[in-house]
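Chemist: First, the structure itself, so that you have it in front of you.
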Amino acid sequence: MPEVPHSVLVICFGNICRSPVGEFMLRKYAEESENPQISSIHFDSAGIHAGHGPMSSNSVKYLNQKEINTQGFRAKPVSGEFLDKYDLILVMENYMIQHILETYYHHLDFEQLKKRELQIIPFTVAAGDFGDVEDPYGESWRYYKKILDQIDDYARNIVNLWTNHNP
C-alpha cells in the first residue's frame, strides 16, 4: 500500500449508491485512527455519470443504521479539475480507470499519464483484494446490503493497511 494520502476520492457510476458509502465508511474508520496522518485524510466521492441528486434511499438507510449522518449529501459528477484535487482515486469498477484516463487525462505526456494512472486504483485492490464492487442499484435490500457490507469491509481493510504500514 502506498503512503497515506492527504485526500481520497471514491468513484462509482452515479455517486448515489456505492461511492458515497465508500466515502462515509472510509471517513468513519480514518477518524477512529489514533494516527493523525490517517485521521486527517480528506474524503469525497463522485460519479462518472452523476447528476446532482440525493443518495439512494438504501444507501442512506445503510449508513443511518451505522449511525452516520448523510444529511446534505448530493451526488457530484467527475471532472478533470475535480480529479486533480485528490492524491488517491479509488474506483468501484476496473473499467473506470481507463475511462478516467481517456476522458480527463488524454492531453498528458506519457510520464505524466503513468504517474496519474498509479494514483487511480480499484477500491478492492486498495483493500488487498481484486475484482469489481458490483452495482446494487435497483436490486433488493438484501442484495444491496450485501454489497454495502463488502464496501464497509473494504473500507475498514484500507484504513487498517494504512495504519499497519504507517504506525
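Please treat every number below as a calculation from the coordinates, not as lab data. Computed from a prediction, not measured in an experiment: that's the story for all the values here. Ideal geometry is used to build each Cβ from the backbone, glycine not excepted, and the neighbour counts take in all protein chains shown.
Chemist: When 1/r is averaged over all different Cα pairs and the result inverted, which Kirkwood radius in Å belongs to the stretch 1-70?
Modeler: Numbers: mean 1/r = 0.0789 Å⁻¹.
Result for the stretch 1-70 stands at 12.7 Å.
Chemist: On to the next question. Report the GluC sites (Glu not before Pro) located in the stretch 110-146 that are in a DSSP loop and have at most 15 other Cβ atoms inside 10 Å of their Cβ, or state none. Don't skip to the answer; put the middle values down first.
Modeler: Numbers: sites: Glu111, Glu117, Glu134, Glu139; in loops: Glu134, Glu139.
Qualifying residues, ordered by number: Glu134, Glu139.
Chemist: Scan [x] 0.98; [y] 0.95; [z] 1.50 for the value of Rg/Rh (Cα atoms, Kirkwood Rh) calculated from this model and give just the label.
Modeler: Looking at Rg/Rh (Cα atoms, Kirkwood Rh) for this model, the match is [y].
Chemist: In a shell of Cβ-Cβ distance under 14 Å around Ala50, excluding Ala50 itself, what net charge do Lys and Arg (+1) and Asp and Glu (-1) give? All intermediate terms of the calculation are to be shown ahead of the outcome.
Modeler: Values: positive: Arg18, Arg74, Lys76; negative: Glu23, Asp44, Asp135.
In short, 0.
Chemist: A further question follows. What is the sum of charges around Thr103, taking Lys and Arg as +1, Asp and Glu as -1, for the other residues whose C-beta is under 14 Å from the C-beta of Thr103? It would help to have the intermediate numbers written out before the result.
Modeler: Details: positive: Arg116; negative: Glu81, Asp84, Glu102, Glu117.
Local net charge: -3.
Chemist: For the stretch 7-162, what relative contact order do you get, as a whole percent, if you take Cα pairs closer than 8 Å and at least 6 residues apart? Intermediate results must be reported in sequence, preceding the final value.
Modeler: Details: 267 pairs, mean separation 44.0, N = 156.
Across the stretch 7-162, relative contact order equals 28 percent.
Chemist: May I pose another question? Enumerate the lysines that Lys146 could reach by cross-link, defined here as Cα to Cα under 30 Å, with residues fewer than 8 away along the same chain left out.
Modeler: Within reach: Lys28, Lys61, Lys66, Lys76.
Chemist: Would you compute, from DSSP H runs of 4+ residues alone, the mean residue ellipticity of the chain at 222 nm, taking -39500 (n - 2.57) per run and dividing by the full residue count, rounded to the nearest 500?
Modeler: Working: 8 runs with 78 residues, N = 167.
Using -39500 (n - 2.57) per qualifying helix, the result is -13500 deg cm²/dmol.
Chemist: Let me ask another. Which order do peptides 17-24, 36-43 fall in by mean Cβ count within 10 Å, highest first? Can you show the working numbers first?
Modeler: Working: 17-24: 28.8, 36-43: 15.4.
So the order, starting with the most tightly packed, is 17-24, 36-43.
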